[in-house]
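Novice: The structure follows.
What follows draws every value from the coordinates through simple rules; no lab data is involved. Since the structure is predicted, the reported quantities are computational estimates derived from the model, not experimental observations. Counting neighbours? That spans all protein chains shown, and the Cβs are built from the backbone with ideal geometry, glycine included.
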Ligand code: IPE
Ligand code: IPE
Ligand code: MG
């Protein structure tokens, strides 16, 4: 397997690397169901997949990796599953922070503070902050994230800054709006991967994905690993990105 991964890595064209890959990690529940396990076991197993993907992302010199950890719509799941997911995300971050630091990974949470307890948000922030001097892979965890909520918060902040005369209405353009999103300073995703056979965005990076390439697989997230990740990148490198222009 190691050999096969290395072979695929060797095929990657460093000049055509996507700068930013975003992943909708889907299918944990179905994975658990297939093994007659409770859904939460699928989420647990999903963390192992994520660890592998973050590690290899650093190895291949990817600049930005963003993963969808918890959506603003995921609050509608059972209280038990919601609590488990919130806890799992924070605990995994705390547990992995030293290794991530060793690997020079910079971590950020993207999402709203709404509905989260202050202590939760603070702990996440303080843990991420330990990595902010790092210069390798920037790993973003979309946590309590919703693309529409992100745009609502941008509208609110923009209108406040207009009222406070920090900006004027004339300044509003695409660039300014991008700078009011959680992803300010992060380039738009070049490649969006979704596992588990679903082919939709589910409110993920809806502004930022305007010209992203999409790659879908039926593999459930807990079974997703390096080989498929490399295949997605190789496939991306054969795409013709035109951005509306023609040669
Ligand atoms: C993805 O797995 C993880 C989160 C949404 C947090 P799901 O929990 O959505 O798994 P399925 O889609 O029910 O299989
Ligand atoms: C999207 O997956 C959210 C995350 C992966 C965190 P969902 O499983 O919640 O999305 P839907 O409900 O299938 O659209
Ligand atoms: Mg799902």
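Novice: What does the convex hull of the Cα atoms of the range 24-173 come to per residue, in Å³, rounded to a whole number? Intermediate values should be presented prior to the final figure.
Specialist: Values: hull volume 21.4 nm³, N = 150.
Convex hull of Cα atoms, per residue: 143 Å³.
Novice: Right, another one. Calculated FRET efficiency, residue 33 and residue 198, Cβ-Cβ r, R0 22 Å, to nearest 0.05?
Specialist: After rounding to 0.05, the efficiency reads 0.90.
Novice: Just report the Cα centroid separation between the range 216-239 and the range 180-204, whole Å.
Specialist: Cα centroid to Cα centroid, the span is 15 Å.
Novice: Additional query: At a Förster distance of 25 Å, what's the computed FRET efficiency of residue 164 paired with residue 80, Cβ-Cβ distance as r, to 0.05?
Specialist: Working: r = 43 Å, r/R0 = 1.73.
My answer for the efficiency is 0.05.
Novice: List the extent of the Cα atoms of the range 11-63 along each of their three principal axes, largest first, rounded to whole Å.
Specialist: Cα extents, longest axis first: 44, 18, 15 Å.
Novice: Relative contact order for the chain using alpha-carbon pairs under 8 Å, separation at least 6, rounded to a whole percent?
Specialist: Averaging sequence separation for qualifying contacts and normalising by length gives 30 percent for the chain.
Novice: Can you pull the one-decimal nm distance between simple spin-label points at residue 156 and residue 129, each 7 Å off the Cα toward Cβ?
Specialist: Label at residue 156, label at residue 129, 2.2 nm between them.
Novice: Could you work out how much longer the chain between residue 119 and residue 16 gets when fully extended? Use 0.36 nm per residue separation minus the Cα distance between them, nm to one decimal. It would help to have the intermediate numbers written out before the result.
Specialist: On the way: separation 103, 0.36 × 103 = 37.08 nm, distance 4.17 nm.
Computed gain between residue 119 and residue 16 is 32.9 nm.
Novice: Same structure, new question: Which of 51, 108, 77 ends up with the largest GNM mean-square fluctuation for the chain, with Cα atoms connected below 10 Å?
Specialist: Answer for the Gaussian network model of the chain: 77.
Novice: Looking at the square roots a ≥ b ≥ c of the eigenvalues of the Cα gyration tensor of the range 57-103, which shape do they give, rounded for a/c under 1.5, prolate if a/b is larger than b/c, or oblate? Please report the intermediate quantities before stating the final value.
Specialist: On the way: a/c = 4.97, a/b = 1.84, b/c = 2.70.
Cα axes put the range 57-103 in the oblate bin.
Novice: Would you compute, from DSSP H runs of 4+ residues alone, the mean residue ellipticity of the chain at 222 nm, taking -39500 (n - 2.57) per run and dividing by the full residue count, rounded to the nearest 500?
Specialist: One gets -14000 deg cm²/dmol as the mean residue ellipticity at 222 nm.
Novice: For the range 74-124, count all C-alpha to C-alpha pairs, find those more than 12 Å apart, and express that count as a whole percent of the total. Mind showing how you got there, number by number?
Specialist: Values: 894 of 1275 pairs.
More than 12 Å apart: 70 percent of the Cα pairs in the range 74-124.
Novice: The range 102-125 to the range 33-50: how many Å between their Cα centroids?
Specialist: A separation of 23 Å, based on Cα centres.
Novice: Pull out a ≥ b ≥ c, the square roots of the eigenvalues of the alpha-carbon gyration tensor of the range 84-178, then state rounded if a/c is under 1.5, prolate if not and a/b is larger than b/c, and oblate in the remaining case.
Specialist: Taking the square roots of the gyration eigenvalues as a ≥ b ≥ c, the range 84-178 is prolate.
Novice: Which FRET efficiency, nearest 0.05, do residue 206 and residue 245 yield, Cβ-Cβ r, R0 22 Å?
Specialist: Step by step, r from the Cβ atoms, then E = 0.45.
Novice: Once label points are set 7 Å from the Cα along Cα→Cβ at both residue 237 and residue 6, what is their separation, rounded to one decimal in nm?
Specialist: Using points 7 Å along Cα→Cβ, the separation is 1.7 nm.
Novice: Hey, another quick one. Scattering from the C-alpha atoms of the range 149-247 alone, worked out with Debye: what is log10 I(q)/I(0) at q = 0.15 1/Å?
Specialist: Log10 I(q)/I(0), no solvent term: -0.76.
Novice: Quick one: give the max-minus-min coordinate of the C-alpha atoms of the range 1-95 along each principal axis, largest first, in Å.
Specialist: That gives 46, 28, 24 Å along the principal axes, largest extent first.
Novice: Quote the relative contact order of the range 1-122 in percent (integer), defining contacts as alpha-carbon pairs under 8 Å separated by 6+ residues. Let's see the in-between values first.
Specialist: On the way: 67 pairs, mean separation 30.1, N = 122.
Computed over the range 1-122, the figure is 25 percent.
Novice: Taking the number of other C-beta atoms within 10 Å as the exposure measure, put 214, 155 in order starting with the fewest.
Specialist: So the residues, fewest neighbours to most, are 155, 214.
Novice: So, by mean Cβ neighbours within 10 angstrom, what's the order for 25-38, 162-175 with the highest one leading?
Specialist: Ranked from most to least packed, the peptides come out as 25-38, 162-175.
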